[in-house]
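Single-structure report; data block below.
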Amino acid sequence: MKFNFAKKIFCTPNYLSMPAIGISISNHAIRYIDFCNKKDKISLKKYGEVLFPSGIVKDGEILNKEALIKIISELKNELSSNIINVSIPEDKSYIFNIKVPKVSEKEIRQILEFKIEENVPLKVDESIFEYEIVEDFFDKKELLLNVSVVPKSTIIEYSEVFNLAGFYPISFETESKMVAYSTIERNNKGTFMVINIKDDSTVFSIVSDEVVCLTSTVSFGNHSIIESLSKISEFRDKKNDKILDDLLYLNQINNNIFDSLLNIFSVFKDEVEKFSGYWSSQNDKSEDIFSQKIEKVIMCGKCSVLPGFREYIEQSLGIEVTLANVWQNVFNLDSYLPELKFIDSLDYAVPVGLALISHKK
């Protein structure tokens with residue numbers, strides 16, 4: 001599930017394959033996770049987020065490079081290392097699946113070079129790609145590949161920003177793969193829908209046999225939800241960062257709040273049903289990994305804890321819906337309780353995955 005796009009451009013030396021801090025950048029925040037090994041056990045060393053205003057980053061595009069470099073530079077005082085793994089914003093990454101003849105790795109890459117432009121809106125010389133073998137059809141002499149593609153310019157630009165801020169990125173990974181890496185139990189071959197509610201968008205993913213097979217992004221996220229809630233009288237005078245906290249501790253939800261929540265849930269339900277329906281439509285056409293039915297829905301992002309949200313989606317789909325445990329592949333919560341609160345951890349699925357790939361459990 002792990003790709004290292006940085007090595008394909010910068011020839012990252014092997015000796016830098018060391019534990020790294022996981023850093024993700026969204027439209028309004030940088031989040032980081034740092035683990036440490038103690039007696040062959042991983043524990044949480046440091047975590048945090050730095051919020052910043054609109055106009056610096058937008059859907060993966062760096063709009064104000066100088067401002068972003070300044071923000072990242074200030075993290076050097078907080079972190080113990082400048083070796084990092086960085087996420088590629090979902091808006092800048094593409095995933096497709098393709099069957100190819102069973103040939104050498106060199107020939108596979110040559111085939112994919114011809115197929116890039118047919119499957120993603122990038123020219124082959126403007127992109128960088130990696131693939132993993134999903135399924136080996138021994139009787140048909142074919143391979144099913146899962147291919148990830150990103151613009152070469154994105155890797156170069158993000159590398160430049162972090163380098164100028166004093167950091168050394170040794171790996172760039174796609175967001176959806178890192179969310180899957182942190183929220184789905186290792187070696188679980190099941191099929192899951194993962195919903196990651198971000199600042200200004202929500203990413204839907206289908207993960208089957210530990211492979212992110214399909215993704216879709218909608219422009220409705222935490223800020224849209226909070227803005228919707230802020231319009232009702234109960235929260236009109238509250239600061240945005242307090243609305244969700246106050247809502248979670250209400251003893252009773254009145255009609256105004258219920259109606260507002262219902263509108264929010266309905267928007268998500270429509271998108272979830274559309275995404276689930278598309279996956280199901282592929283089941284009838286395939287006999288491979290894509291024929292698997294969704295067993296469970298996993299929700300990430302702090303807004304996924306809204307009262308009744310999980311139950312509403314569960315009732316609509318008729319499939320179990322759970323909140324993500326971003327620590328399940330890191331440590332056992334029965335024996336170690338991290339300082340980061342559970343609700344807050346739901347916003348850290350990406351940096352947890354990024355930090356985890358550098359540690360052997």
*Counting only C-alpha contacts under 8 Å and six or more residues apart, can you give the relative contact order of the chain as a whole percent?*
21 percent
*Candidates GLY60, GLY221, GLY277: whichever shows maximal mean-square fluctuation once the chain is modelled as a Gaussian network with Cα springs under 10 Å*: GLY277
*Calculated FRET efficiency for the pair GLU339/ILE232, C-beta based, R₀ 35 Å, to 0.05*: 0.55
*Sum -39500 (n - 2.57) across every DSSP H segment of at least 4 residues in the chain, then divide by the residue count to get the 222 nm mean residue ellipticity, nearest 500.*
-10000 deg cm²/dmol
*So what are the ³J(HN,Hα) numbers for segment 302-319, from phi and the Karplus equation (6.51, -1.76, 1.60; θ = phi - 60°), rounded to whole Hz, Gly and Pro as x?*
4, 5, 5, 8, 3, x, x, 4, 4, 5, 5, 5, 4, 5, 5, 8, x, 10
*Based on the Cβ-Cβ distance of TYR249 and SER216, what FRET efficiency does E = 1/(1 + (r/R0)^6) give at R0 = 25 Å, to the nearest 0.05?*
0.15
*Separation of the VAL305 and LYS123 label points, Cα + 7 Å toward Cβ, nm*: 4.8 nm
*Sticking to Cα atoms, compute the Rg of segment 65-157 to one decimal and its Dmax as the biggest Cα-Cα distance, whole number, in Å.*
17.8, 57
*Which entries in LYS152/LYS198; LYS58/LYS274; LYS65/LYS198; LYS65/LYS238; LYS41/LYS302; LYS39/LYS152 show an alpha-carbon gap greater than 29 Å?*
LYS65/LYS238; LYS39/LYS152
*Considering the zone a paramagnetic label at GLU160 would reach in this model (a point 7 Å from Cα along the Cα-to-Cβ line), which residues of segment 61-95 have amide N under 13 Å from it?*
62-66, 69
*Bin width 10 Å, alpha-carbon pairs only: give the P(r) of segment 16-111 as whole percents, running from 0 to the bin holding the largest distance.*
13, 34, 25, 19, 10, 0
_For the chain, share of DSSP beta bridges that run antiparallel, in % to the nearest 5_ = 75 percent
_7 Å from Cα along Cα→Cβ at both LYS38 and LYS102: what's the point-to-point distance in nm?_
4.9 nm
*Of the listed peptides 163-172, 306-315, what is their order by residue-averaged count of other C-beta atoms within 10 Å, with the highest listed first?*
163-172, 306-315
*According to a simple spin-label model (label point 7 Å from Cα along Cα-to-Cβ), what is the distance in nm between LYS70 and LYS293?*
5.6 nm
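Readers should treat all values here as calculations from the given coordinates under stated rules, not as data from a laboratory. A quick note: this is a predicted structure, and the numbers were derived from the prediction, not measured. Note that each Cβ is placed from the backbone with ideal geometry, even for glycine, and that neighbours are counted across all protein chains shown.
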